[in-house]
């Protein structure tokens, strides 16, 4: 990844994926999924509820996203995103 300033949530997510030995491309893809999710929400993903995640997944399915995209979205939001979000300070 890069040294430019990134949010605490993104940093934590990348650190968690590094600990879990995710390949660089997988990390990039997961970060992109969260970026697209944030664009859908029009706010930071660390404010998202599980209902927001569900609405996003429904949006992807209705938009014709393929099974791999849907599966990666589920993995990203229910896996790395959720675990990272639990321990990120809100201040």
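The values are calculated or read from the model by the stated rules, or taken from the named source; none is laboratory data. Being a predicted model, the structure only gives us computed values, none of them experimental. Using ideal geometry, Cβ is built from the backbone for each residue, glycine included, and neighbour counts are taken over all protein chains shown.
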Subset of the range 20-52 [under 19 Å from residue 72 (Cβ atoms) and more than 13 Å from the chain's Cα centre (by Cα)]:
20, 21, 22, 23, 24, 25
Check every one of the helices (runs of 4 or more DSSP H) wholly within the chain and list those with 1 or more residues that are surrounded by 10 or more Cβ atoms within 10 Å (Cβ to Cβ) and at pLDDT 90 or above.
8-19, 24-41, 50-62
